[in-house]
Amino acid sequence: MAILPKSAVETLFDLIDQTTTLIEQNLETTYLDALTESIANIADGGRVKVEDNLPDAQTVAQLETIYATVKLNQFDAETIRQALQLATLKGLRQVKVEPNKQMTPDAIGYLVAYLAEVFGGADQIKTVLDPVIGTGNLLATVMNHIQNLTGNKLQGFGVDNDDSLLELAGISSELQGLDTTLFHQDAIEPLMVKPVDIAVADLPIGFYPIDERAADFETHAASGHSYAHHLLIEQTMHYVKDGGFGFFLVPNVILETDDAKQLVKWITKHVYLQGLLSLPVNLFKTKEGQKAILVLQKQGAGAQQAKQILLGEFPNSNDQKAFAAYLQQIRTWHKENIN
């Protein structure tokens, strides 16, 4: 049986994985922490960071030999992102990270990027915000997609309260040549970000614990804890330019629950609900776990409510013909409904 040649993604992943595993074993740390250290070494031209004589001399020599074979200029940003994504997924599985910190799958990230292209107008997008950036995969997917389409250099902003994931996102962005500014903070607190053209977010689902802070938001619950994803939608759109768009991964039933009244009231007052598209059901283990992409446009700058809101469900992602046809339908709908 013929052995197929490795793809560029596989080749780069193998190099990252080998060096990460060496660091993980020598420092007796987690794969994820070792990954952050390994790609930081790659970003530093293959120089191995040594603290308190660790890694040991033998491991340093092994690492330097492997790093010497890594020529980042041989790989485009999307190849680097995909290789880093594979390594990050391996690390996340090891530590059994909580669901809200899982990485956004590529199948979903590409759909967010496509909607950003169609609604936001690829040539008009210069700045992007992700208020819950995590490992940075969603933001990088969108930025790479728009940059590849237009040739324009984008500026990205990311916020997260998990310093280890944020560090990984920062070094990952650096390896991909992305211009990103990251902030380690609670995204519900005031952000040091000027208004952006678009925002993207794979929103954490659950309650926000600080009721005093939630009380400042129109989407806060009438009693008890407020939903974090409701607060984050309001907060994020505050940092989007007039007429700009937000693309949010949300529960499929976000607008149908008893707790949605304040959210719907806020939407009616401040933004236009331009679309709610259920993601392919085959991407989720259960129908109850299905998510959708909520498309909001900030009022102002000539923005108008679409003549007909874009509602529907993406077909099974394995049916390429139906899927491609549906993407074209979205483009056609946009031409007919949003000026």
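Data table
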read-out	value
Cross-link pairs Lys307/Lys335; Lys241/Lys269; Lys126/Lys321; Lys298/Lys321; Lys6/Lys101; Lys265/Lys307 - those with Cα-Cα distance over 22 Å	Lys126/Lys321; Lys298/Lys321; Lys6/Lys101
Dipole-positive endmost among Leu279, Ile293, Gln304 within the stretch 276-339 (Cβ charges, Cα centre)	Gln304
For the stretch 109-124, 3J(HN,Hα) per residue [Karplus equation, 6.51 cos²θ - 1.76 cosθ + 1.60, θ = phi - 60°, Hz, x = Gly/Pro]	x, 5, 5, 4, 5, 5, 5, 4, 4, 6, 6, x, x, 3, 5, 8
Over the stretch 1-73, equivalent-ellipsoid semi-axes from the Cα gyration tensor in Å	23, 13, 11
Hydrodynamic radius by Kirkwood, which averages 1/r over all alpha carbon pairs of the stretch 89-185, in angstrom	13.7
Charge dipole magnitude, Cβ of K and R +1, D and E -1 - the stretch 36-84, Cα centre, debye nearest 20	180
Unit charges on C-beta of K, R, D, E only; dipole of the stretch 73-165, Debye	180
Dipole moment magnitude, nearest 20 debye, the chain about Cα centre, only Lys, Arg, Asp, Glu C-beta charged	1340
Candidates Gln328, Gln58, Gln18, ranked by Gaussian network fluctuation over the chain, Cα under 10 Å, top entry	Gln58
Percentage of interatomic Cα-Cα distances in the stretch 46-134 larger than 19 Å	64
Choice from Ile210, Ile108, Ile171 with maximal GNM fluctuation in the chain (Cα, 10 Å cutoff)	Ile210
Probe 1.4 Å - accessible area at Met103, Å² to nearest ten	20
For the stretch 145-263, with +1 on Lys and Arg beta carbons and -1 on Asp and Glu, the positive-most of Gln155, Ala260, His225 along the dipole	Gln155
Relative contact order [Cα under 8 Å, 6+ residues apart], the stretch 7-83, whole percent	40
Charge dipole (the chain, unit charges on Cβ, about Cα centre) - positive-most of Thr21, His238, Pro131	His238
Selected from Lys194, Lys287, Lys241 as most flexible by GNM, with the chain as the system and alpha-carbon contacts under 10 Å	Lys287
Spread of Cα-to-Cα distances over 10 Å intervals beginning at zero, given as percent, for the chain	5, 24, 32, 23, 11, 4, 0
For the stretch 186-339, convex hull of alpha carbons as volume per residue, Å³	121
Cα gyration tensor shape of the stretch 49-100, rounded if a/c is under 1.5, else prolate or oblate by comparing a/b with b/c	oblate
Sequence of Lys285, Lys307 when ordered by accessible area, the most exposed leading, probe 1.4 angstrom	Lys285, Lys307
Per-residue ³J(HN,Hα) for the stretch 72-81, Karplus 6.51 cos²θ - 1.76 cosθ + 1.60, θ = phi - 60°, Hz, x for Gly and Pro	4, 5, 7, 10, 7, 4, 5, 5, 4, 4
Whole-percent carbon and sulfur share, accessible surface of the stretch 1-132, 1.4 Å	52
Average accessible area per residue (Å²) across the stretch 112-244 - probe 1.4 Å, nucleic acids and ligands excluded	37
Alpha-carbon centroid distance for the pair the stretch 135-199 / the stretch 21-40, whole angstrom	23
Folded to 0 to 90 degrees: helix 8-27 orientation relative to the chain principal axis, Cα	70
Amide H within-cut-off set for Phe157, under 5 Å, with H built and near neighbours excluded	Val128, Leu129, Asp130, Thr181
Carbon and sulfur %, accessible surface of the stretch 222-339 computed with the full protein complex present, 1.4 Å	50
Amide H contacts of Val240 (H built 1.01 Å from N, under 5 Å, at least 5 apart or other chain)	Val196
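The values are calculated or read from the model by the stated rules, or taken from the named source; none is laboratory data. Not measured: the values here are computed from a predicted model. Reconstructed Cβ throughout: ideal geometry from the backbone, glycine too, with neighbour counts over all protein chains shown. Areas reflect the complete protein model, heavy atoms only, side chains present, ligands, DNA and RNA absent. Shrake-Rupley method; radii C 1.70, N 1.55, O 1.52, S 1.80 Å.
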